[in-house]
1. So if I place +1 on the C-beta of Lys and Arg and -1 on the C-beta of Asp and Glu, and nothing else carries charge, what would the dipole magnitude of the chain be about its Cα centre? I want it in debye, nearest 20.
2. To the nearest 10 degrees, how steep is helix 162-172 against the longest Cα principal axis of the chain, on a 0 to 90 scale?
3. Tell me the GluC sites (Glu not before Pro) within region 17-68 that lie in a loop according to DSSP and have at most 15 other beta-carbon atoms within 10 Å.
4. Rounded, prolate or oblate for region 81-135? Axes are the square roots of the Cα gyration tensor eigenvalues, ordered a ≥ b ≥ c, and the cut-off for rounded is a/c under 1.5.
5. Rounded to the nearest 10 degrees, what's the angle between the helix 188-201 long axis and the longest principal axis of the chain, both from Cα atoms, 0 to 90?
6. Rounded, prolate or oblate, given the Cα gyration tensor of region 6-148, with a/c below 1.5 counting as rounded?
7. With all pairs of different alpha carbon atoms counted, what Kirkwood hydrodynamic radius in Å does region 156-222 show?
8. For a test of the definition: using alpha carbon positions, the gyration tensor, and the 1.5 limit on a/c, classify region 37-110 as rounded, prolate or oblate.
Amino acid sequence: MAGRVRVVIAEDSVLLREGLTRLLTDLGHEVVAGVGDGEALVKTVAGLADEGALPDVVVADVRMPPTHTDEGVRAAVRLRKEYPGLGVLVLSQYVEEQYATELLAGSTRGVGYLLKDRVAEVREFVDAVVRVAGGGTALDPEVVQQLLGRSRQQDVLANLTPREREVLGLMAEGRTNSAIAKALVVSDGAVEKHISNIFLKLGLSPSDGDHRRVLAVLTYLKS
């Protein structure tokens, strides 16, 4: 996304919130609001949406008041459901697999999960904000590594057929099985068979449950 990005920041640390605001505005972007808890974040975005001024992206801390557990990520997940066009980038002190998986469930478009240490790398952080605002993905390497659970060979996708790679690419775009079938002009059953083969070739067992789709997409993104 070229040009200015409109951002809402949700961070209970006033110092960090102001720092992120200054960082983004100095580089030509617009911080339209800054809040300190998850409830305020949801209300602020809803208010902007009602005015026809939905921001391009929300940057939110995973843990915020009142309990400092999961208020931030819960608000982020809610906003992703209510406003599909809104980019969501969450920041966390540590990799929290459960939260990362829930945030990525269903679609990896316009979503990011970074460790707070990345904020110190100014250009990398701002690039992530802009990428997520434009519908892209920004995942911290440590998040990817932990979600994958174990290291995989660099040529892990080499065993996939061209059609399976095409299906996996559409999965990475956040498309459902029926949407993939429509795009490829094949039956839903054919898509399900391709996805089963993808899981098998990537070593994702049925015990991985609902995480398999997310893990398959992360493998694709990492490649």
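What follows draws every value from the coordinates through simple rules; no lab data is involved. Because the structure is a prediction, the values reported are computed rather than measured. Cβ coordinates were reconstructed from backbone atoms using ideal geometry, including for glycine residues, and neighbour counts include every protein chain displayed.
1. Details: 26 positive and 31 negative charges, 159 e Å.
For this selection, approximately 760 debye.
2. Once rounded, the angle reads 20 degrees.
3. Glu51
4. Working: a/c = 2.78, a/b = 1.20, b/c = 2.31.
It comes out oblate by the Cα gyration axes.
5. It is inclined by approximately 90 degrees.
6. Because its axes are fairly even, with a/c under 1.5, region 6-148 counts as rounded.
7. The answer is 11.8 Å.
8. Oblate is the answer for region 37-110, as a/c is 1.5 or above yet b/c matches or exceeds a/b.
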